[in-house]
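Throughout, read-outs are computed from the coordinates displayed, never taken from laboratory work. Just so it is clear, the model here is predicted, and its values are computed rather than measured. Methodologically, a virtual Cβ is constructed for each residue, glycine included, from the backbone with ideal geometry; neighbour enumeration extends over all protein chains shown.
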Amino acid sequence: MRRVDRAIRQVLADELAGSLKDPRVGFVTVTDIRTSTDLRTARVYVSVLGDAGERETTLDGLRHAHGHLQARIAGELALKRTPTLEFVYDDTADRARRVDELIDGNVR
């Protein structure tokens, strides 16, 4: 599964960096892909630069473009089945920042 996850991640990263023209999609990075063992679904974890509003707008844009992105994956990769994409915000950076603040004593 790791090779499939990496291949999907590369296709999505290339598409988000260049071809996707949806104005709702801001500065987004694909941080991880978790594909189900039957290749029916792929959970796409993304990090978005900006506030909560920009994050939701970007996720809406990505969800709207899922058909286009799935078609790109189908065209680029020779998979038995093209997984349905589910976009999820990756809050790892937010949690790490919170831990740093707690360690530094900046949070009440």
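Using θ = phi - 60° and the Karplus form 6.51 cos²θ - 1.76 cosθ + 1.60, what ³J(HN,Hα) does each residue of the stretch 57-65 get, whole Hz, x for Gly and Pro?
Running phi through 6.51 cos²θ - 1.76 cosθ + 1.60 with θ = phi - 60° gives 4, 5, 4, 4, x, 5, 5, 5, 8 Hz.
If the stretch 1-73 were replaced by its equivalent ellipsoid, with semi-axes equal to the square roots of 5 times the Cα gyration tensor eigenvalues, what would those be, largest first, whole Å?
Sorted largest first and rounded, they come to 21, 13, 11 Å.
Around Arg98, what is the net charge, scoring Lys/Arg as +1 and Asp/Glu as -1 over all other residues with Cβ under 12 Å from its Cβ? Each step should come with its number before you reach the end.
Numbers: positive: Arg95, Arg97; negative: Asp91, Asp94, Asp100, Glu101, Asp104.
The answer is -3.
Relative to the Cα centre, what is the charge dipole magnitude of the chain, using +1 at the beta carbon of each Lys and Arg, -1 at the beta carbon of each Asp and Glu, and rounding to the nearest 20 debye?
Approximately 520 debye in magnitude.
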